[in-house]
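Enquirer: Can you keep this structure in mind? I'll have questions shortly.
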Number of protein chains: 2
Amino acid sequence: MSTIAPQVVEHVAEVARAARTAARQLALLTRAEKDAALLALADAVDAGADRVVQANEEDLERGRAAGLPENLLDRLTLDADRTRAVADALRQVASLPDPVGEVVRGSTLANGLQIRQVRVPMGVVGMIYEARPNVTVDAAGLGLKSGNAVILRGGSAAGSTNAALVAILRAGLEERGISPDAVTLLSEGGHDAARALMTARGLVDLVIPRGGAGLIQTVVTESTVPVIETGIGNCHVVVDASADPDMAVSIVTNSKTHRTSVCNAAESLLVHRDAAERVLPGVMEQLAAAGVTVHGDEEMRRYAEAAGAAFQPITDEDDDTEFLSLDISARVVADLDAAIAHVQEHTSGHTEAIVTADRAAARRFTAEVDAAAVLVNASTRFTDGGEFGFGAEIGISTQKLHARGPMALPELTTTKWVVEGDGQVR
Amino acid sequence: MSTIAPQVVEHVAEVARAARTAARQLALLTRAEKDAALLALADAVDAGADRVVQANEEDLERGRAAGLPENLLDRLTLDADRTRAVADALRQVASLPDPVGEVVRGSTLANGLQIRQVRVPMGVVGMIYEARPNVTVDAAGLGLKSGNAVILRGGSAAGSTNAALVAILRAGLEERGISPDAVTLLSEGGHDAARALMTARGLVDLVIPRGGAGLIQTVVTESTVPVIETGIGNCHVVVDASADPDMAVSIVTNSKTHRTSVCNAAESLLVHRDAAERVLPGVMEQLAAAGVTVHGDEEMRRYAEAAGAAFQPITDEDDDTEFLSLDISARVVADLDAAIAHVQEHTSGHTEAIVTADRAAARRFTAEVDAAAVLVNASTRFTDGGEFGFGAEIGISTQKLHARGPMALPELTTTKWVVEGDGQVR
């Protein structure tokens, strides 16, 4: 690991110290003050939409010139409609309950001390993400509502858009009497700036990486600041012997094809041998209609070919691949034990689903499979902050520390024990 | 950073894989099964006490020959009485509620999906700690109760004692039909074994370091597995203008002198100028009587010398020093603002206390000071799992992620979302 340029370390430290000062102010704001600021920021984004769209066109032009693939260009795009949606997301965050100040638990001890565990902001949160400018505004809004200052390190491909957005947000904060250092964009220093952010121990309280496996791996390996990993989803759908065939067809198809580029899309299908004959003709027909390529074992080949689905023989690698495309790995398994063992071995800890009519099978699957979300008779696509009713989402955690699964406002807070006495000593 | 010897990496990976298999079994045990096992382990420790004490004498002999200081030898000592206490701690853990299976929150969504967030074990927890053999048994007991397999890397000075204890625990588990790999001691591989443990991503779910600042710093910097830091305590007592003098004397004295070697002992005293004349003569008298050396400013010097307390002029370094001895840094401050600013700058995030009769001062202090525990009119010594009524403690977290303050059984768990539907798709 090479040394980080000292002037970048100092720049990031300065930004973080300013953010810390802002965070102290944010921590004391009332919900009413924060909500009013969020609504004002939403109006400011609407009012500045032309500026944002123009900056975004600059980014897109550079991206096209650099040969960015179409799906990345799409994620980078912030046209007038999407800018409006981004402003509306701020209004949505204003409508959510404030996690700060919630008393999580408390009691009065035998000696009369009153203890209570109260939700408080983290302090300074660093976000390291790729060229998705909507994350810039979402993170700023969720940060403000949860009382945290945010330091944003977005992908350089979105540099002009992010600069325009953050300028609008900072001006909006200042107008409401809130320190603009509540939202800072780290635009200088290249990759070193991200590394300085992840190692600013004592200045930054939490780093959240959002992006591909490579980005997350780098942050986890190099960070000395606490990290919440948001991760990949190698999600399985297990069709049990007792599965209702129509339900199995519908859940497999929806999990795989509803939207392929997302982490809660299904990537693997495991079918109990006793269900194969009843379920697989229908499943393959739907997958074929949607244009899915089945990476399957020899038993799967029969059903795939009969339904006219594209087929490739499965490789060991396929079992661990998050395709994010119209591909699925598929195996027939001998029984529920084999299905659970396969999931335990290959799960990425995101979402695992079973289709079953058997109560004991459902109980075993939910107890034994170790993932952020374990679903019975529902599409994997439901693992999502919006679907769960959280109103907003900062990411989906696939690790076990602090937060697991969809993360929203409470996950951006920590707690503090407040102890009140009248002179107690030990 | 040098490379870790490959055979050590492989050894630790093997241990961790075995622990993972054991963890799957532990996760499914009922509370009754776990409690029965804990009571059996307690009996086994009692029955094997002679063997433990003898092994401990070997460690002590080596320690004395190596010139270990008296306080380390004391922490290393496990005589017959302490062995009984260690066994009783297992019985105590058996009496605590089981965190596993608790439904933390849940709801029924508009589409009929029932979602619930359920507490589940972490999986495999690594403990890296110094030569305190009681931690070996505590960690094994808390791990078992919370459904986690533990991999223990204790200080080599306690090698024989830990080996004897873990042999007893493993045999006891096996007798109850529980995999002995639920508790493993990493006794080989030297420092490389600890480093292999902290970098066993995917095999180890959590590492908890317990020990001095150096150990914790190493683990935080080198670990790629999620870490919960248990940290140092540079705890302040602030005496506000409105403080009751007797209460102030009692809380300052107790916080500093009740037990000096612990992380919740006070290390710094800040006295509002308007309280100095009423409070400091009594405080200094008590500190002098207890043999405390006051590292103070010029105003403190007057009071210290008048009371006959040992005195040294305060240095900048003293403001950040966790003395863990009969020393205290002490300053007179102009007002509450100055006191809060000083605490904000020098807190280690453990415990901060104010003595005040003023409701507004108490509210400001508890709101603005950012620490795991903020106390009003109580001794800093109360930040403790036992005192808080948690029954057991695996450490005190001074960081903000996952757990903050005293950590007990719930802090050794994560959650899983269980979603049940009847065929819902998006």
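Enquirer: Below 11 angstrom from the Cβ of A:Val9, what's the summed charge of the other residues (Lys, Arg +1; Asp, Glu -1)?
Expert: -2
Enquirer: Also, I was wondering about something else. Assuming R0 = 45 Å, what is the FRET efficiency of B:Asp79 and A:Leu109, from their Cβ-Cβ distance, to the nearest 0.05?
Expert: Computed FRET efficiency for B:Asp79 and A:Leu109 comes out at 0.90.
Enquirer: Now for a separate question. Determine the per residue accessible area of chain B with all protein chains present and a 1.4 angstrom probe, expressed in square angstrom.
Expert: 37 Å²
Enquirer: Then there is this: In Å and whole numbers, how far do the C-alpha atoms of the stretch B:235-386 stretch along each principal axis, longest first?
Expert: 36, 31, 28
Enquirer: To continue, here is another question. First compute the accessible area of the stretch A:237-328 with a 1.4 Å probe, then give the percent of it belonging to carbon and sulfur atoms.
Expert: Answer for the stretch A:237-328 is 47 percent, counting heavy atoms of protein chains only.
Enquirer: Something else: Let me know the Kirkwood hydrodynamic radius for the stretch A:232-307, please, with Cα pairs as the basis and the value in Å to one decimal.
Expert: 12.4 Å
Enquirer: Amide H neighbours of A:Ser397 under 5 Å, counting only residues 5+ apart in sequence or on other chains, H built in-plane at 1.01 Å?
Expert: A:Gly405, A:Met407
Enquirer: In the Gaussian network model of chain B, springs joining C-alpha atoms below 10 Å, which of B:Gly385, B:Gly143, B:Gly291 carries the largest mean-square fluctuation?
Expert: Sorting by GNM fluctuation, first place goes to B:Gly291.
Enquirer: I would also like to ask the following. What is the gain in length, in nm to one decimal, between B:Leu326 and B:Leu72 on full extension, counting 0.36 nm per residue of separation less the C-alpha to C-alpha distance?
Expert: Stretched out fully, the B:Leu326 to B:Leu72 stretch lengthens by 89.7 nm.
Enquirer: Right, another one. Name the shape class, rounded, prolate or oblate, that the alpha-carbon gyration tensor gives for the stretch A:81-227, where a ≥ b ≥ c are the square roots of its eigenvalues, rounded holds for a/c under 1.5, and otherwise prolate holds if a/b is larger than b/c and oblate otherwise.
Expert: It is oblate, given that a/c is not under 1.5 and a/b is not larger than b/c.
Enquirer: Okay, moving on. Among A:Asp205, A:Asp274, A:Asp319, whose mean-square fluctuation peaks in a Gaussian network model of chain A (Cα, cutoff 10 Å)?
Expert: Result for chain A, Cα springs under 10 Å: A:Asp274 fluctuates most.
Enquirer: Something else now. Please average, across the residues of B:106-113, the number of beta carbons from any other chain that are within 10 Å of each residue's own beta carbon, and give a whole number.
Expert: 3
Enquirer: So which DSSP H runs in chain B come out at 20 Å plus along the axis (Cα) with average Kyte-Doolittle of at least 0.5?
Expert: Going by DSSP H runs, the hits are B:159-175.
Enquirer: Could you tell me the convex hull volume per residue, in Å³, taken over the Cα atoms of the stretch A:1-159?
Expert: In the stretch A:1-159, the Cα convex hull volume per residue is 178 Å³.
Enquirer: Among the residues of the stretch A:393-426, which ones have their accessible area go down by 40 Å² or more when all the protein chains sit together, as opposed to their chain alone (1.4 Å probe)?
Expert: A:Lys400, A:Leu401, A:His402, A:Arg404, A:Thr414, A:Lys416, A:Trp417, A:Val419, A:Gly423, A:Val425, A:Arg426
Enquirer: What whole-number distance in Å separates the alpha-carbon centres of the stretch A:376-426 and the stretch A:271-315?
Expert: Distance between centres, Cα-based: 39 Å.
Enquirer: While we're on this one: Who wins for biggest fluctuation among B:Ala200, B:Ala371, B:Ala80 in a Gaussian network model of chain B, springs between alpha carbons below 10 Å?
Expert: Comparing B:Ala200, B:Ala371, B:Ala80 in the GNM, the peak value goes to B:Ala80.
Enquirer: When a/c is below 1.5 the answer is rounded, else prolate if a/b is larger than b/c, else oblate, so apply that to the stretch B:363-408 with a ≥ b ≥ c taken from the square roots of the Cα gyration tensor eigenvalues.
Expert: Since a/c reaches 1.5 but b/c is at least a/b, the shape of the stretch B:363-408 is classed as oblate.
Enquirer: Which value in deg cm²/dmol, rounded to the nearest 500, describes the helix-derived mean residue ellipticity at 222 nm for the protein assembly as shown, given -39,500 (n - 2.57) per DSSP H run of n ≥ 4 and division by the residue count?
Expert: My calculation for the protein assembly as shown gives -14500 deg cm²/dmol from helical runs alone.
Enquirer: Rg(Cα) of chain B divided by 2.2 N^0.38 Å?
Expert: 1.10
Enquirer: Pull up all non-local amide H partners of A:Thr293: gap of 5 or more, or a different chain, and H-to-H distance under 5 Å with H placed in the peptide plane.
Expert: A:Asp327, A:Ile328
Enquirer: Decide, for the protein assembly as shown, between rounded, prolate and oblate: order the square roots of the alpha carbon gyration tensor eigenvalues as a ≥ b ≥ c, take rounded if a/c falls under 1.5, and otherwise choose prolate if a/b is larger than b/c, else oblate.
Expert: oblate
Enquirer: Rounded to the nearest percent, how much of the accessible area of the stretch A:40-185 (1.4 Å probe, protein heavy atoms only) is carbon and sulfur?
Expert: The C+S portion of the solvent-accessible surface of the stretch A:40-185 is 48 percent.
Enquirer: Same structure, new question: If you take each beta carbon of peptide B:380-390 and count the beta carbons of other chains within 10 angstrom, what is the mean?
Expert: Mean partner shielding for this stretch: 4.
Enquirer: Related question: Summing both sides, how much accessible area is buried between B and A? Use a 1.4 Å probe and give Å² to the nearest 100.
Expert: Its buried surface, counting both partners, is about 5800 Å².
Enquirer: How much of the DSSP beta bridge set in the protein assembly as shown is antiparallel, as a percent to the nearest 5?
Expert: Here the antiparallel bridges make up roughly 25 percent for the protein assembly as shown.
The values are calculated or read from the model by the stated rules, or taken from the named source; none is laboratory data. Since the structure is predicted, the reported quantities are computational estimates derived from the model, not experimental observations. Positions of Cβ are generated from backbone atoms using ideal geometry, with glycine treated the same way; all protein chains shown enter the neighbour counts. In case anyone asks, the SASA skips ligands and DNA or RNA and just uses the protein heavy atoms, side chains included. Shrake-Rupley method; radii C 1.70, N 1.55, O 1.52, S 1.80 Å.
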